[in-house]
Amino acid sequence: ESFDPTLKRVAPGTFNWAACLLNVFWMAYRRMYLFVIILVAVEAVCFSILEFFFRLPTSVTNSVGIATMILLGRYGNSIYRKHVERKIRQIKTKIAPEYQSQAFRDSGGTSLWAPIPLIILQLLTLYGMYLGIVQKNVKTDVVANTSIVAPTEQIPAVQTPAEQPPSVQTPTDSELDK
């Protein structure tokens, strides 16, 4: 990352591919938990409003997702830098100087475990979507099949011996001649 100390910001033209491709997972890895919550909430609300209320096609919501990825790739380093600077200010104002170096070590760095709940949530969401699609197809097939496979002939019910009518004997020719 190129940083100009006189400007106190990330130099223009930098792009963070990890932030672009991994977005919330990258944020969780970088311990930016508030940003994770905000991004997940904004995306969930945005996608549900676009798809369910405005009935926009999936391509539109995919475009919003791609735009989010590009923006995070472009501004991810700046967002992370501001996050770190805010943490440093908090530690310097709240913790005695002799304990600051330990506080910096404890609150800084990355977390390999933080993205795991997000991965599990993503997998559960995908599984739920799969079940919804499968159940929708099953319901459609059941409705379609009942209209196609409707019986054309009545099948007579099997009668028990007690329900059978008494047999009628028909006279034979020899009996009729008499």
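The values are calculated or read from the model by the stated rules, or taken from the named source; none is laboratory data. The structure presented is a predicted model; accordingly, all values stated were derived computationally and were not measured. Neighbour counts run over all protein chains shown; Cβ positions are idealised from the backbone, glycine included. Ligands, DNA and RNA are stripped out before the accessible areas are found, and what is left, the full protein with its side chains, is counted by its heavy atoms. Shrake-Rupley method; radii C 1.70, N 1.55, O 1.52, S 1.80 Å.
Below are the figures for this structure:
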quantity: Checking residue 30 against (1) within 19 Å of residue 78 (Cα to Cα); (2) open to solvent by 60 Å² or more (accessible area, probe 1.4 Å); (3) within 18 Å of the chain's Cα centre (by Cα), the condition it does not meet; calculated: (3)
quantity: Residue check, residue 84 among the β-branched types (Val, Ile, Thr) and more than 16 Å from residue 109 (Cα to Cα); calculated: no
quantity: Residue within the stretch 87-96 that is of a type outside the set (A, V, I, L, M, F, W, C), touching a Lys or Arg at 6+ places or on another chain (Cβ under 8 Å) and open to solvent by 40 Å² or more (accessible area, probe 1.4 Å) present; calculated: no
quantity: In the stretch 35-47, residue farthest from the chain's Cα centre (by Cα) [restricted to those that are farther than 16 Å from residue 122 by Cβ and open to solvent by 60 Å² or more (accessible area, probe 1.4 Å)]; calculated: 38
quantity: Residues of the stretch 110-129 classified as outside any helix (DSSP H, G or I) and surrounded by fewer than 15 Cβ atoms within 10 Å (Cβ to Cβ), total; calculated: 4
quantity: Of residues in the stretch 76-109 being assigned to a helix (DSSP H, G or I) and of a type in the set (A, V, I, L, M, F, W, C), the one nearest to residue 22 (Cα to Cα); calculated: 79
quantity: Of all residues making up the stretch 87-99, the number that are in contact with a helix residue (DSSP H, G or I) (Cβ under 6 Å, 6 or more places away or on another chain) and either closer than 11 Å to residue 32 by Cβ or free of Cβ contacts under 8 Å to residues at least 12 places away in the same chain (or both); calculated: 2
quantity: Residue that is most open to solvent (accessible area, probe 1.4 Å), among those in the stretch 63-86 that are of a type in the set (D, E, K, R) and under 16 Å from residue 36 (Cα atoms); calculated: 82
quantity: Residue 50, sole failed condition from (1) modelled with pLDDT of 90 or more; (2) on the phi < 0 side of the Ramachandran plot; (3) surrounded by 14 or more Cβ atoms within 10 Å (Cβ to Cβ); calculated: (1)
